[in-house]
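I have placed the structure first, in the form of structure tokens, so that the comments after it can refer back to it.
The values are calculated or read from the model by the stated rules, or taken from the named source; none is laboratory data. The model shown is predicted, which means the values in this text are computed figures rather than measured ones. When we count neighbours, we look across all protein chains shown, and the Cβ atoms used for this are built from the backbone with ideal geometry, even at glycine.
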Amino acid sequence: MPIRIPLFLFLILLIAPESGTQTPAIPKREVRAVWLTTASGLDWPKTTDRAEQQASLSEIVRRLKSYNFNTIFFQVRSRGDAYYRSVYEPWAENLTGTLGKDPGWDPLAFLINEAHRAGIEVHAWVNVYKVRANGQVPITTPPHISRAHPGWMFNYRGEGWLDPGIPEVGTYLLNVVMDIARKYEIDGVNFDYLRYPGRDFPDGDSYRKHGLGIPRERWRKSNLDRFVTECYDRLTALRPLLKIGSSPLGIYGSDTGFVSTAAGEYYQDTRSWLKTGKLDYVAPQVYWAIGGAKGEPDYAVLVPDWQRLAGARHVYAGIGAYRTDVAKEIPRQIDLSRSVGNAGQCYFRYENVHGGEFFGGRYATPALIPPMPWKDSSSPPPPLHLALNEIATNVFNLQWVLPQTVADRSRAARFILYRGTSPQIPFDDPRSIAQVVPGSAASCIDTVKVPTGATYFYAVSAVNAANSEGLPSPVSSGTMREFLSLRGKLTETTGLSASLSPGGGTPRMVAYSLARRTPVILDLLAYPRGSNDTITTTLVSDTEETGIYVVGLGGVQFVPGKYTVRLRAGESVVEQPFELP
């Protein structure tokens, strides 16, 4: 149904929800992430051609931005290999068809550049202890860890696993992660397989050598605790704002009613890591349906359980979009995640959501990434001297002056462009966010795709690397020539004017004037080509006061044929025909 508003009440269209909608309010700040899987080329790469690999990464970023996602967990180490230039591990086989062969470009650096230009964060997704099995890799430079240190690992149920009980393993893995953090402007590190593979893991020799007489169960837990602590301390000492997170198994403890748990069966004591401040976020793999099925865990039980465990730290509900039963209820899973206070959602995996049709309008607006005040609570100053002008129909060019900063932490990582139809822009409403712009920019182009007013009001705020948002700039405004033209065609008598593109074409809006208070019916009559039928769409049926009114036509589906816009105002009838080729 087209939306009609008086010119002096344009704000209503921008901020009011449709009548009768049941969709919960969309938060302004929320992580919307996806695991971009490189193991076996599940999500990427699908080819060994360099140009196609780069083009597909760019397309992934473009798609995710269009879905209003803001975070990518990029699998940079899947099985002891590298999708970046590493001094410790060989290039991944998927890039060229040969393990260790230099692809001639750097996927991680490329993705960071593309994503940051789109206002999207990149977290280096690292599979920690799970690697390729012994005897399955060729000789490379640098060598794969299974060749360089075969005594550090075991083949466990067909998979290669490093032994967390060997101190040199922890040192090696820490060096791998530190190498990434030093060389790349990643926004975070996402640890996966940060656990033992099971209780029957054959680590008897390392326990006898390094166990120090403490119970084996406690020793195993302490090995993981120590690694997490060392990683967090070293990484944040290098880069204080770097986010350190983990994607643990979906069931933490036995209080949820399940015997096989992350803490009990795999020594993955995520609660203690959160409690001691050695993780900034968790994205637990709660890959089940609401209500459970056939004895499976219940998403609705596990998600609030993780929120309780996390305390003040962030929880991003890990949603198993690869499952048919989960995919069809993603909107409900988002609603539940929001209702219990999660800071966002993450989807396994990109291939299962890349069509963008699963979210049920829950991501209809952009979202800012929530800040982590325990890392930094400072805010950047507002941009200065915002100016704008219309450079084409419905297209504004905006420019501002970068704020003068003293400390690096106050520097803008991104700018948030707000747009409203009133000087009182509702900054807390995500529907006011028009764009997220890189912090290196001092200008942008904004297109109003479905105009609903004559004048638009803009403001810009800065967000620093800690995702803290500063105050917005003073509001500036611009008036569309198209609306001025429409209004210029109307007098104080009853009149009608449809906005057509030069030489004809699909109208984007209709304006009409009323000389007095009167009943109004505004119809769109369609005569589709090749049909004898007349299709009538009533745009307005009401009694209205004297004034000028605008109807946006963004919701009308136009087909080739002839059309007539007909205004009945009391006894007056005014028509405007047009044709679409």
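Which pairs turn up if I take residues in region 197-213 that are over 26 Å from Gly158 (Cβ atoms) and look for partners that are surrounded by 14 or more Cβ atoms within 10 Å (Cβ to Cβ) and of a type in the set (A, V, I, L, M, F, W, C) with beta carbon separation below 6 Å, at least 6 apart in sequence or on another chain?
From region 197-213, the pairs are Gly211/Trp219.
State all residues of region 365-400 that are closer than 13 Å to Arg414 by Cα and among the aliphatic types (A, V, I, L, M); if no residue qualifies, say none.
Selection gives Ala367, Leu368, Ile369.
For residues in region 459-473 being more than 13 Å from Phe427 (Cβ to Cβ) and not aliphatic (A, V, I, L, M), which is surrounded by the fewest Cβ atoms within 10 Å (Cβ to Cβ)?
Ranking the candidates gives Ser468 first.
Take the residues of region 549-573 that are in contact (Cβ under 8 Å) with a residue 12 or more places away in the chain and over 26 Å from Asn394 (Cα atoms): which is surrounded by the most Cβ atoms within 10 Å (Cβ to Cβ)?
Once the filter is applied, the top-ranked residue is Ala569.
Just wondering, is there one or more residues in region 88-95 that are on the phi > 0 side of the Ramachandran plot and in contact (Cβ under 8 Å) with a residue 12 or more places away in the chain?
Looking for residues that are on the phi > 0 side of the Ramachandran plot and in contact (Cβ under 8 Å) with a residue 12 or more places away in the chain, one finds none in region 88-95, hence no.
Checking Leu522 against (1) crowded, with 19+ Cβ neighbours inside 10 Å; (2) in contact with a Ser or Thr (Cβ under 7 Å, 6 or more places away or on another chain); (3) at pLDDT 85 or above, which single condition isn't satisfied?
Among (1) crowded, with 19+ Cβ neighbours inside 10 Å; (2) in contact with a Ser or Thr (Cβ under 7 Å, 6 or more places away or on another chain); (3) at pLDDT 85 or above, Leu522 violates only (2).
Considering only region 367-377, how many residues are assigned to a loop (DSSP other than H, G, I, E, B) and surrounded by 13 or more Cβ atoms within 10 Å (Cβ to Cβ)? Let's see the steps before the verdict.
Of the residues in region 367-377, the ones assigned to a loop (DSSP other than H, G, I, E, B) are 367, 369-377.
Retained after the next criterion (residues that are surrounded by 13 or more Cβ atoms within 10 Å (Cβ to Cβ)): 367, 369-372, 375-376.
Residues meeting the conditions: 7.
Could you list, in sequence order, the residues of region 147-196 that are among the acidic types (Asp, Glu) and either under 17 Å from Gln75 (Cβ atoms) or free of Cβ contacts under 8 Å to residues at least 40 places away in the same chain (or both)?
Hits for region 147-196 are Glu159, Glu168, Asp179, Asp187, Asp192.
Tally the residues that are touching a Gly at 6+ places or on another chain (Cβ under 9 Å) and at pLDDT below 95, restricting the search to region 337-365.
0
Of the residues Ala289, Ala312, Ala283, which is under 25 Å from His354 (Cβ atoms), among the small types (Gly, Ala, Ser) and in contact (Cβ under 8 Å) with a residue 60 or more places away in the chain?
Ala283
Of the residues Phe396, Phe415, which is within 26 Å of Ser468 (Cβ to Cβ), buried (at least 16 other Cβ atoms within 10 Å of the Cβ) and in the same structural domain as Tyr458 (by TED's automatic domain parsing)?
The unique qualifying residue is Phe415.
Only residues in region 522-548 that are under 23 Å from Glu571 (Cβ atoms) count as the first member; pair them with residues that are modelled with pLDDT of 85 or more and not in a strand (DSSP E or B), Cβ under 9 angstrom, at least 6 apart or cross-chain, and list the lot.
Leu525/Thr534; Thr543/Arg517; Glu544/Arg517; Glu545/Arg517; Thr546/Arg517
When region 378-388 is examined, which residues are found to be surrounded by fewer than 19 Cβ atoms within 10 Å (Cβ to Cβ) and under 16 Å from Cys444 (Cα atoms)?
Hits for region 378-388 are Leu384, His385, Ala387.
Quick one: Gly311 ticks every box in (1) over 15 Å from Gly245 (Cβ atoms); (2) at pLDDT below 95 bar one, so which box is it?
Here Gly311 meets the rest and fails (1).
Conditions tested, residue by residue: (1) among the hydrophobic types (A, V, I, L, M, F, W, C); (2) in the same structural domain as Arg63 (by TED's automatic domain parsing); (3) surrounded by fewer than 20 Cβ atoms within 10 Å (Cβ to Cβ); (4) within 19 Å of the chain's Cα centre (by Cα).
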{"site": "Asp298", "(1), (2), (3), (4)": "no, yes, yes, no"}
{"site": "Val301", "(1), (2), (3), (4)": "yes, yes, yes, no"}
{"site": "Ala310", "(1), (2), (3), (4)": "yes, yes, no, no"}
{"site": "Tyr316", "(1), (2), (3), (4)": "no, yes, no, yes"}
{"site": "Ile319", "(1), (2), (3), (4)": "yes, yes, no, yes"}
{"site": "Gln345", "(1), (2), (3), (4)": "no, yes, no, yes"}
{"site": "Glu357", "(1), (2), (3), (4)": "no, no, yes, yes"}
{"site": "Ala364", "(1), (2), (3), (4)": "yes, no, yes, yes"}
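If a residue must be free of Cβ contacts under 8 Å to residues at least 60 places away in the same chain and not in a loop (DSSP other than H, G, I, E, B), how many such residues does region 340-366 contain?
Qualifying residue count for the region: 1.
Among the candidates Asn223, Asn175, Asn190, which residue alone is touching a Gly at 6+ places or on another chain (Cβ under 6 Å), within 30 Å of Phe110 (Cα to Cα) and assigned by TED's automatic domain parsing to the domain that holds Pro284?
That would be Asn190, the only listed residue that is touching a Gly at 6+ places or on another chain (Cβ under 6 Å), within 30 Å of Phe110 (Cα to Cα) and assigned by TED's automatic domain parsing to the domain that holds Pro284.
Could you list, in sequence order, all residues of region 203-255 that are more than 16 Å from Tyr193 (Cα to Cα), assigned to a helix (DSSP H, G or I), among the charged types (D, E, K, R) and at pLDDT 95 or above?
Asp205, Arg208, Lys209, Arg216, Glu217, Arg218, Glu230, Asp233, Arg234
Which residues, counting only those in region 179-188, are in contact with a Phe, Trp or Tyr (Cβ under 8 Å, 6 or more places away or on another chain) and either more than 30 Å from Tyr84 (Cβ to Cβ) or of a type in the set (A, V, I, L, M, F, W, C) (or both)?
Ile180
With the structure loaded, tell me whether Pro380 is touching a residue at least 40 places away in the same chain (Cβ under 8 Å) and out of contact with any Ser or Thr (no Cβ under 7 Å at 6 or more places or on another chain) or whether it fails that test.
No, not satisfied.
Would you mind finding the one in Leu111, Leu99 that is assigned by TED's automatic domain parsing to the domain that holds Met153, more than 23 Å from Leu174 (Cβ to Cβ) and surrounded by 23 or more Cβ atoms within 10 Å (Cβ to Cβ)?
Leu111
Within region 135-142, identify whether any single residue is buried (at least 19 other Cβ atoms within 10 Å of the Cβ) and either under 27 Å from Ile72 (Cβ atoms) or of a type outside the set (S, T, N, Q) (or both), and answer yes or no. Break it down stepwise before answering.
Initially, region 135-142 is screened for residues buried (at least 19 other Cβ atoms within 10 Å of the Cβ), giving 137.
Going one step further and asking which of them are either under 27 Å from Ile72 (Cβ atoms) or of a type outside the set (S, T, N, Q) (or both), we end up with 137.
Yes, region 135-142 has at least one match.
Which numbered condition trips up Met178, out of (1) over 23 Å from Glu265 (Cβ atoms); (2) modelled with pLDDT under 95?
(2)
Scan region 275-286 and give yes if some residue there is buried (at least 19 other Cβ atoms within 10 Å of the Cβ), assigned to a helix (DSSP H, G or I) and assigned by TED's automatic domain parsing to the domain that holds Arg313, otherwise no.
Within region 275-286, none of the residues are buried (at least 19 other Cβ atoms within 10 Å of the Cβ), assigned to a helix (DSSP H, G or I) and assigned by TED's automatic domain parsing to the domain that holds Arg313.
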